[in-house]
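Asks: Okay, handing you the structure first.
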Amino acid sequence: MNFDPLFVRKVEVFLFTEARLLDERRFEEWKALFADDGIYWIPARPDQMDPVGEVSIAYEDTQLLDVRVRRLRHPANYADQPEVRARRVIGNIMIEQAEDAVVIVRSNFTASDLQGEVQRVFVGEYIHTLRPAGVDYKIIQKRVNLLNCDTPMGGIVVPF
């Protein structure tokens with residue numbers, strides 16, 4: 001599909017902005033990118049289609065995202081001690097659909113996090129389902145397909 005280059009760039013900037021908010025631990029601003037009915041989903045196996053009938057690594061609506069953000073900010077959150085630092089790189093951004101007031105975007109990512117002396121690298125695919133909202137977008141669903149979703153990976157403190 002051919003999309004207007006300005007439209008494509010606007011979607012790319014949205015994804016890059018989301019990654020930067022997470023990298024800079026601006027979790028409240030990140031959560032605000034989600035629509036009121038938004039979902040953050042990390043499947044527990046490749047090609048998982050059912051987030052409710054099967055176990056997922058994470059399946060969170062905005063209420064649970066709010067709990068996640070408040071937990072990250074709590075001074076007694078020992079999972080985040082020392083504080084996790086992270087960086088994400090996003091590429092291969094492809095818009096799959098842009099109709100019916102919904103934009104579906106696939107992209108690949110590499111995310112590294114560092115906690116104390118332990119560094120981990122995660123690789124995977126994002127599938128963002130976006131709803132136009134004024135001059136920007138709101139996330140209806142962010143699906144994070146981790147390459148290693150079905151292997152032990154330890155605790156995930158900071159969202160992808």
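Asks: Would you please name the GluC sites (Glu not before Pro) within the stretch 84-160 that are DSSP coil residues with at most 12 other C-beta atoms within 10 Å of their C-beta? Don't jump to the answer; show the numbers that get you there.
Replies: On the way: sites: Glu96, Glu99, Glu117, Glu125; in loops: Glu117.
Hits after loop and neighbour filter: Glu117.
Asks: Between the stretch 50-98 and the stretch 1-16, what's the alpha-carbon centroid distance in Å?
Replies: Comparing the Cα centres of the stretch 50-98 and the stretch 1-16, I get a distance of 24 Å.
Asks: Let me know the Rg and Dmax you get for the stretch 95-147 when you use only its Cα atoms, in Å.
Replies: Calculated on Cα positions, Rg and Dmax stand at 14.4, 47 Å.
Asks: Here is a further query. Go ahead and set up a Gaussian network model of the chain, Cα springs under 10 Å, then flag whichever of Val84, Val52, Val67 fluctuates most.
Replies: Val52
Asks: Another question about this same structure. What's the magnitude of the charge dipole for the chain around its Cα centre, counting Lys and Arg as +1 and Asp and Glu as -1 at the beta-carbon? Answer in Debye, nearest 20.
Replies: With Lys and Arg at +1 and Asp and Glu at -1, about 480 debye.
Asks: Step through the residues of the stretch 30-41 one at a time and calculate ³J(HN,Hα) from phi using the Karplus curve (6.51 cos²θ - 1.76 cosθ + 1.60, θ = phi - 60°), rounding each to whole Hz and writing x for Gly and Pro.
Replies: The phi angles translate into 4, 4, 5, 6, 7, 5, 4, 9, x, 10, 10, 10 Hz.
Asks: In addition: Can you find, among Phe16, Pro132, Tyr59, the residue sitting farthest towards the positive end of the charge dipole of the chain, where Lys and Arg contribute +1 and Asp and Glu -1 at Cβ?
Replies: Phe16
Asks: In deg cm²/dmol and to the nearest 500, what is the mean residue ellipticity at 222 nm of the chain if only DSSP H runs of at least 4 residues count, each as -39500 (n - 2.57), divided by the residue total? Could you put the intermediate results ahead of the total?
Replies: Details: 3 runs with 36 residues, N = 160.
After summing the helix terms and dividing by residue count, I get -7000 deg cm²/dmol.
Asks: Could you list the trypsin sites (Lys or Arg not before Pro) in the stretch 1-83 that lie in coil according to DSSP, counting only those with at most 14 other Cβ atoms within 10 Å of their Cβ?
Replies: Numbers: sites: Arg9, Lys10, Arg20, Arg25, Arg26, Lys31, Arg68, Arg70, Arg71, Arg73; in loops: Arg25, Arg26.
Here the sparse-neighbourhood loop sites are Arg26.
Asks: Further question: Where Lys and Arg each count +1 and Asp and Glu each count -1, what net charge lies around Ala79 among other residues with Cβ under 13 Å from its Cβ?
Replies: Numbers: positive: Arg68, Arg71, Arg73; negative: Asp80, Glu83, Asp113.
In short, 0.
Asks: Mind grabbing the accessible area of Glu29 for me, 1.4 Å probe, Å², rounded to tens?
Replies: Number for this one is 90 Å².
The values are calculated or read from the model by the stated rules, or taken from the named source; none is laboratory data. These numbers come from a predicted model, not from an experiment. All Cβ positions, glycine included, derive from the backbone under ideal geometry; neighbour counts span all protein chains shown. Just so you know, the surface numbers come from the protein's heavy atoms only, side chains and all, with ligands and any DNA or RNA stripped out. Shrake-Rupley method; radii C 1.70, N 1.55, O 1.52, S 1.80 Å.
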